[in-house]
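Peer 1: This is the structure I want to talk about, given as structure tokens.
The values are calculated or read from the model by the stated rules, or taken from the named source; none is laboratory data. What you see is a predicted model, and the numbers here were worked out from it, not measured in a lab. Note that we place each Cβ from the backbone using ideal geometry, even for glycine, and neighbour counts take in every protein chain shown. Surface accessibility is based on the protein's heavy atoms, side chains included, excluding ligands, DNA and RNA. Shrake-Rupley method; radii C 1.70, N 1.55, O 1.52, S 1.80 Å.
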Amino acid sequence: VRNLTYLNGVTLYAVWEEIPAATHTVTFMANGEVVDKVTFTEGDKTLSRVPNVPAREGYNGSWTAYTLGTSDITVNAVYTAKAYFVSFDANGGAGETMDPQTMNYDELVKLHANTYTYEGYKFVGWNTKADGTGVAYEDEATVKNLTAEGNVVLYAQWEEVEEETT
């Protein structure tokens, strides 16, 4: 400092400049691909927005837990197979009600064996429609992904037995 007068005294004042808070990025990933990037300021407790988890057939999706801190972070989508019920309809037959089966999407499962009977008919399999125009399955068939949403009813399919005449 030059030529600072000391005669009447000099008061020096501090000059302050605000340091902006650091910003960081949350990268949201699903199936190895970037879904979105959201920035936040250090000290924030929540994000201004969170993208939806991309849909995946037969699965429920969510983001892994995360905490905003002092660095960039990556948040991954986690998918859980949806569970569904397969129930059995005697479709004219009789007998004790068959318990429904719980299945998970993308799992191979063997269907319960038929326990229904129908006088004058033989059991020939299951179908997703009572009239037999849907998807057919053999008794105790190994199945997978009967539905991606909701539950399934399998209807017993019957074939009339012809009586022998002499």
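Peer 1: May I ask you to give the percent of accessible area on the chain that is carbon plus sulfur, with a probe radius of 1.4 Å?
Peer 2: On the way: 5640 of 12060 Å².
Answer for the chain is 47 percent, counting heavy atoms of protein chains only.
Peer 1: Shifting gears a bit: For a Förster distance of 45 Å, can you work out the FRET efficiency between the beta-carbons of T133 and E163, rounded to the nearest 0.05?
Peer 2: 0.95
Peer 1: Counting only the heavy atoms of the protein chains, how much of F40 is accessible to a 1.4 Å probe, in Å² to the nearest 10?
Peer 2: The accessible area of F40 comes to roughly 10 Å².
Peer 1: I would also like to ask the following. Can you pull the one-decimal nm distance between simple spin-label points at V124 and L108, each 7 Å off the Cα toward Cβ?
Peer 2: A separation of 2.8 nm, rounded to one decimal place.
Peer 1: Which three semi-axes in whole Å describe the equivalent ellipsoid of the chain, each the square root of 5 times a Cα gyration tensor eigenvalue, listed largest first?
Peer 2: 74, 12, 10
Peer 1: Can you list the lysines whose alpha carbon sits under 25 Å from that of K45, skipping same-chain ones fewer than 8 residues off?
Peer 2: Partners found: K37.
Peer 1: Can you tell me the FRET efficiency between A21 and R49 if r is taken as the Cβ-Cβ distance and R0 is 25 Å, rounded to the nearest 0.05?
Peer 2: Given R0 = 25 Å and the Cβ-Cβ separation, E is 0.85.
Peer 1: Let me ask you something else. May I ask you to list the chymotrypsin sites (Phe, Trp or Tyr not before Pro) in the stretch 124-165 that are in a DSSP loop and have at most 12 other Cβ atoms within 10 Å of their Cβ?
Peer 2: Hits after loop and neighbour filter: nothing returned.
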